[in-house]
Amino acid sequence: MKKILIFSNYKARELDYLILLQKTLAKTLSAKVSIVGGLGEIQRMYYYLYKIKPDIVFIPQTLEKGCRDLAKYVLDSGALLYVVPAEITVIPAIEDLLLNPDITYNTYFTKIFIPGKRYEKLLAKTDISPKKIKITGSPKIDFLVRNKGGQFFSRKEFSKKVNTNLKKKNIFFFTSFVTISEEYLRTDNYFSKAIKQLMKSNTCVALTKQKYIEIIQKLCERLPHYNIIVKPHPLESSLAYKKITASNFILLEQYSLYNCIKSVDMAIHWSSTVSSECWIKGIKTIQLAPYKEYDSFLTECSPGNPIVRTLDELQDIIEKNLDKKREKKYKEFQSKYLRENYYRLDGKSVDRIASYLKQDISKCKIQTTYQPKFSWLVYPILFLEKTLGVPVSRRIVALFLKSYDAKAAISDYVVLE
């Protein structure tokens, strides 16, 4: 029986569709499939590779140094390594990073399974062999399209769980204001050619988030007959949103997009991939971009929704368009965008990935020779984890390692064997 290990990086946004991939691979290949995360605890990842000794490994990216080193270790150990990107939307910042002339990619994986033709055009500009690039669609989109499981709350279930007024319509803000520390950027060659641009992005993100908070507070006051709901990105701090005081304001910290998708009447965002996921479900979207001078950071899907700059413009478009059908020009762009970016919206990307693996396994004899590469410090952490639990063990580690992010380690912890 083949052993497969799937790495999870950010549990909140990846685990649901990775479990779908896990179940499909186990059934199709008669394999033992495990999921382990998060990649922030890189030494623990090396430990599980040595412990499980997988024949096949899945990883969300081989861009940053930690993931590249991990990938090289897997391949040098004789296993096959596949990339299933967690980021499935092309944005200028990602394109600039990927096309860094100091970085090569071709030798760091067996194949990369990508969502669609747009991603293929981007990868064609790198050193990656066309034979290694396979368009399958995205497991992340599969999970959304299949629309099965307890994660998809009905409108009534959602209202009961988050205590909203069921009679009111729901205006969702999907925020994605995540910054990267300059110190971290300078430690990885992957970021070397784009540090100036990324620092500008950090400034843009900070300013836009502050403006969003101001606008949301006033919008709640102006539109008391709507539920105003903010769903932050899993990597975004939600602390600043707690300053908003309004009886019709709801902050979603513990729920995923899948939990709330059936309750979204209109989605407001800034450069978020959630917009394309809303289009798949026929949900109207608005892009609130307060600062025109930072429009270069918007995604390629921007023309698929109205762009507004101010509170007055936002209020006006909500009140005039909430109950109307999507305008033809936006609907046409959305259809074109979805065709170019996602291979098929049939929910079968995981099946296509499994089919490619089946072919590769039949063509080669996999013989692994994993050697231990993890620090001995993993053992006391695992002991603390077993005796005290994950949260307490990570907080103890943080007392001794100043650079250790206990909060991320706890939230992204996954072991599904």
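Every number here is computed from the coordinates shown, using simple stated rules; none is lab data. Being a predicted model, the structure only gives us computed values, none of them experimental. Heads up, the Cβs are rebuilt from the backbone with ideal geometry, glycines too, and the neighbour counts pull from every protein chain shown.
Take the alpha-carbon centre of the stretch 99-115, take the same for the stretch 22-67, and report the distance between them in whole Å.
18 Å
So for the stretch 25-153, taking the charge dipole from beta-carbon charges (+1 Lys/Arg, -1 Asp/Glu), which of 152, 89, 28 sits furthest toward the positive end?
Sorting the options by dipole projection puts first 28.
Using Cβ counts within 10 Å as a stand-in for footprinting exposure, how do 225, 233, 269 rank, fewest first?
Lowest count first: 225, 233, 269.
Specify which labelled value, from (i) 54, 23, 18; (ii) 35, 28, 21; (iii) 36, 25, 22, agrees with semi-axes √(5λ) of the Cα gyration tensor in Å derived from the coordinates of the model shown.
(iii)
Run the helix sum for the chain: -39,500 (n - 2.57) per DSSP H stretch of 4+ residues, divided by residue count, reported at 222 nm to the nearest 500 deg cm²/dmol.
-13000 deg cm²/dmol
Distance cut-off 22 Å, Cα to Cα: go down the list 65/131; 125/281; 53/148; 169/329; 134/358 and report the pairs above it.
65/131; 125/281; 53/148; 169/329
Say we join alpha carbon atoms closer than 10 Å with springs in a Gaussian network model of the chain; which of 296, 176, 238 then has the biggest fluctuation?
296
Under a plain spin-label model, where a point goes 7 Å from the Cα along Cα-to-Cβ, how far apart in nm are residue 310 and residue 361?
6.1 nm
I want the antiparallel fraction of DSSP beta bridges within the chain, as a percent rounded to 5.
In the chain, approximately 10 percent of DSSP beta bridges are antiparallel ones.
Around residue 213, what is the net charge, scoring Lys/Arg as +1 and Asp/Glu as -1 over all other residues with Cβ under 11 Å from its Cβ?
Net charge in that neighbourhood comes out at +4.
Work from the charge dipole of the stretch 152-341 (Cβ charges, +1 for Lys and Arg, -1 for Asp and Glu, about the Cα centre) and give the residue of 269, 164, 241 farthest towards its positive end.
164
Extension gain residue 404-residue 295, at 0.36 nm per residue separation less the Cα-Cα distance, in nm?
Taking residue 404 through residue 295 to full extension adds about 35.8 nm, to one decimal.
With a cut-off of 8 Å between alpha carbons and a minimum separation of six or more residues, what is the relative contact order of the chain in percent?
Here the relative contact order equals 23 percent.
Using Cβ counts within 10 Å as a stand-in for footprinting exposure, how do 56, 133, 286 rank, fewest first?
Final ranking by Cβ density, sparse to dense: 133, 286, 56.
Can you list which of the GluC sites (Glu not before Pro) found in the stretch 34-95 are DSSP loop residues with at most 16 other C-beta atoms within 10 Å?
Within the stretch 34-95, the qualifying GluC sites (Glu not before Pro) (loop, at most 16 other Cβ atoms within 10 Å) are 87.
When a/c is below 1.5 the answer is rounded, else prolate if a/b is larger than b/c, else oblate, so apply that to the stretch 152-341 with a ≥ b ≥ c taken from the square roots of the Cα gyration tensor eigenvalues.
prolate
How would you rank 346, 323, going from fewest to most other Cβ atoms within 10 Å of each one's own Cβ?
Fewest-to-most ranking of 346, 323: 323, 346.
Beyond 15 Å, what share of the Cα-Cα pairs of the stretch 202-288 is found? Please give it as a whole percent.
61 percent
Compute the separation of the alpha-carbon centres of the stretch 261-300 and the stretch 342-411 and state it in Å as a whole number.
31 Å
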